[in-house]
1. Put a dot 7 Å past each Cα toward the Cβ at Arg215 and Ala99; how far apart are the dots in nm?
2. Give the order of Thr195, Thr204 when sorted by the count of other beta carbons within 10 angstrom, beginning with the fewest.
3. For labels at Lys116 and Leu237 in the simple 7 Å Cα→Cβ model, what's the distance in nm?
4. Assuming R0 = 25 Å, can you tell me the calculated FRET efficiency for the pair Thr132 and Val193, based on Cβ-Cβ distance, to the nearest 0.05?
5. How big is the Rg/Rh ratio for the chain, C-alpha atoms only, Rh by Kirkwood, two decimals?
6. When only Cα pairs under 8 Å and 6 or more residues apart are kept, what is the percent relative contact order across the chain?
7. Once amide H atoms are placed 1.01 Å from N in the peptide plane, what residues at a sequence separation of 5 or more from Gly211, or on another chain, have their amide H within under 5 Å of its amide H?
8. Rounded to whole Hz and in sequence order, give me ³J(HN,Hα) for segment 152-167 from the Karplus expression 6.51 cos²θ - 1.76 cosθ + 1.60, θ = phi - 60°, writing x for Gly and Pro.
Amino acid sequence: MSDAVDAGGSVGEWADDPADGWFPESVAARYDGPGGANAPEAVTPAVDVLAGLADGPVLEFAVGTGRIAAPLAARGVRVSGIELSRAMAGRAAGKPGGAAVEVTIGDMTSTRVAGKFSLVFLVFNTISNVVTQDGQVAVFRNAAAHLRPGGLFLVEVGLPDLRRLPPGQDTVPFTVAHGDDGGGYVGFDQYDVVTQEFTSNHVTVAPDGTGRFRRVPFRYAWPAELDLMARIAGMRLKHRWADWDGSALTAESTKHISIWEK
Ligand SMILES: C[S@@+](CC[C@H](N)C(=O)[O-])C[C@H]1O[C@@H](n2cnc3c(N)ncnc32)[C@H](O)[C@@H]1O
């Protein structure tokens, strides 16, 4: 996934806790770098939409460092979050609005927080971090359990790049970059179209020729499969967009934002 974080295990200078999964301290430390997903042009449209949908308290599954939750709270929305990684969650409080986000450490497939919410949201491809169908269904059920009747569950996730796979091939490169200093980076996804599992692979080579190879597991699901998960959890599709601007999904879309209603 080109917009997935280059996430992986310890590289030595950080004390990574295995309980933090794919987002330990070494990843959290560089997660909020400038540009990309943290750029205002990426964050503001999402926060605008979420603030517009909020009609009371909201809950973010996999809230991370508060990239979205903190600016949403800064707008006056009451935001709670569930997050697996203490290293990621620990960074939210330092941001404007972040201190107001109430984060519970836990797994979004099962962790419950008190209260009923007008909106539960799960952005930045993170439904795919749950690598089994049963686990993804559990996320939908857990979202529904936190919603009041009429409440909304919003998911932002990339569409699998399978149209770019010629017969017999399982790998789609998304970035090949090299610097004048001899360093470089290659990112590619590798798909198993039978299990719907895929890995996001990140090969980074330093100018001195040393390198590292990180491999992060995911599971893809087509929008139609997510609609069935929503129905299992007692929700129906209300909106499906290609992006935060509300544009229509087309055959060329690279991601979708889907909203189901309880
Ligand atoms: C790509 S980051 C997204 C964070 C944040 N939502 C954002 O938009 O920046 C994925 C986050 O999901 C968390 N995560 C992954 N699986 C999880 C699970 N089963 N339950 C709770 N958090 C999870 C990771 O620890 C990480 O912080």
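Values quoted throughout were computed directly from the atomic coordinates according to the rules given, and no laboratory measurement underlies them. Keep in mind that what you see is a predicted model, and the values were worked out from it rather than measured. As a convention, Cβ positions derive from the backbone with ideal geometry for all residues, glycine included, and neighbour counts pool all protein chains shown.
1. 4.5
2. Thr195, Thr204
3. Each label point is offset 7 Å from its Cα along the Cβ direction, giving 2.7 nm.
4. Using R0 = 25 Å, I get an efficiency of 0.95.
5. Rounded to two decimals, Rg over Rh is 0.96.
6. Reported as a whole number, the value is 16 percent.
7. Sorted by chain and number, the residues that satisfy this are Ala206.
8. 3J(HN,Hα) across segment 152-167, in whole Hz: 10, 10, 10, 10, 10, 8, x, 8, x, 7, 5, 5, 8, 9, x, x.
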